[in-house]
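See structure below.
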Amino acid sequence: MNLSPQMVQLALFGLVALSIGAFLYALLYARLSGGTRSKKRVELVAATAANPRDRRPSEEGRRRRSVEETLKEIEEQQKAKARKGSKPPLILRMRQAGLGWSTRTFVLICIVSILLCIPAVRFLTGLPLLPSIGFGFGLGIVLPYGYVNFLRKRRFKMFTEEFPNALDVIVRGVKAGLPLVDCLKVIASEASPPVSTEIREVVEDQTLGMPLDEAIAKLPERIPLPEANFFSIVISIQARSGGSLAEALSNLSKVLRDRKKMSAKIKAMSAEAKSSAGIIGALPVIVATLVYLTSPEYISLLFTTTIGQIVLVICGLWMLMGILVMRKMINFDF
């Protein structure tokens, strides 16, 4: 089929015009469709405002911001307490141990302990009077402090074991329709100490006019444990932001029980390492004792000569460093 020159020129002109039009449309597509997009967006916003169900995200956003502000405030308060000092004073440590001693009573107990330890050290070791006084003085002060720390740790352990059960009682009471204060009164009267003792103080503070969230916020000061701190945070958030208290406390109870399971699992997994560390740390002492019993003249050079005494001091320091390193390696914090 033969086309005339005029038809060829018209076809070329049409192709060029179509190409230019397509190119311009591709460049101006965003501007041409902008009005349609804006119109659709305005219609969508209008429909969202007209539908009350779509207002829930904004309410959830406000509640989320309220929770974040509460958490920031609690974090700042905890940092301020940490800056004041991580070690509580003696009177607070005795209170945490469940002892009703005053500072004067503790000093008198230390004096009696020193007077008993000095003759005991001299009788057991056969040292002269001056070294016996030094060792007895140090031992007489360490023993009361160790006793307070022992009772304190034991009380904290009892609180950790009993506290999830107390939370379950609160959850069941709140689900049944009881106020939180009544649930706390039930725990204060029926739970095992030290949980009942600490919750009773919370109830007494609330009875004297203190807001409940502030009364519970004082609980971590008396019981510096993560469990008490979590409970205080949950109550503070619920008091300021609202929400389901039963669900929050139920989740907290589950978290505390999972922490307890994790602690038991860590102890089981680290038992072999702890036993190995104990054997390694006790082995030099056992070997030295056996050598002294079998060949006392062989090992007596370490105690009678200056070089032997220097070697003993250096070995003791190295053993102490090794024991501290092993202790750091086998103690897990979570």
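The values are calculated or read from the model by the stated rules, or taken from the named source; none is laboratory data. All values derive from a computational prediction rather than experimental measurement. Note: ideal-geometry Cβ built from the backbone for every residue, glycine included; neighbour counts use all protein chains shown.
Of everything in the range 166-183 that's in contact (Cβ under 8 Å) with a residue 24 or more places away in the chain and surrounded by 16 or more Cβ atoms within 10 Å (Cβ to Cβ), which residue is farthest from the chain's Cα centre (by Cα)?
Result: VAL174.
For every residue, the table says whether it meets (1) touching a residue at least 24 places away in the same chain (Cβ under 8 Å); (2) out of contact with any strand residue (DSSP E or B) (no Cβ under 8 Å at 6 or more places or on another chain); (3) assigned to a helix (DSSP H, G or I).
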{"residue": "PRO193", "(1), (2), (3)": "yes, yes, no"}
{"residue": "GLU198", "(1), (2), (3)": "yes, yes, yes"}
{"residue": "VAL234", "(1), (2), (3)": "no, yes, yes"}
{"residue": "LYS265", "(1), (2), (3)": "no, yes, yes"}
{"residue": "VAL287", "(1), (2), (3)": "no, yes, yes"}
{"residue": "TYR292", "(1), (2), (3)": "no, yes, yes"}
{"residue": "GLU297", "(1), (2), (3)": "no, yes, yes"}
{"residue": "ILE307", "(1), (2), (3)": "no, yes, yes"}
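Does the range 114-122 contain at least one residue that is of a type outside the set (Ser, Thr, Tyr), farther than 30 Å from VAL255 by Cβ, within 38 Å of the chain's Cα centre (by Cα) and part of a helix (DSSP H, G or I)?
yes
Among the residues of the range 143-159, is any closer than 16 Å to SER250 by Cβ, surrounded by fewer than 19 Cβ atoms within 10 Å (Cβ to Cβ) and without any contact (Cβ under 8 Å) to a residue 60 or more places away in the chain?
no
Please name all residue pairs, on different chains or six or more residues apart, with Cβ atoms under 6 Å, provided the first residue is in the range 107-127 and is among the hydrophobic types (A, V, I, L, M, F, W, C) and the second residue is surrounded by fewer than 16 Cβ atoms within 10 Å (Cβ to Cβ) and in a helix (DSSP H, G or I).
Filtered contacts from the range 107-127: CYS110/ILE141.
Determine whether SER263 is of a type in the set (Ser, Thr, Tyr), touching a Pro at 6+ places or on another chain (Cβ under 8 Å) and closer than 19 Å to MET158 by Cβ.
It is false that SER263 is of a type in the set (Ser, Thr, Tyr), touching a Pro at 6+ places or on another chain (Cβ under 8 Å) and closer than 19 Å to MET158 by Cβ.
Restricting to the range 204-217, give me the number of residues that are outside any helix (DSSP H, G or I) and exposed (fewer than 15 other Cβ atoms within 10 Å of the Cβ).
3
Hey, among the residues in the range 218-261 that are over 15 Å from the mean Cα position of the chain (by Cα) and aliphatic (A, V, I, L, M), which one's surrounded by the fewest Cβ atoms within 10 Å (Cβ to Cβ)?
ALA246
Within the range 91-113, track down each residue that is modelled with pLDDT under 85 and part of a helix (DSSP H, G or I).
none
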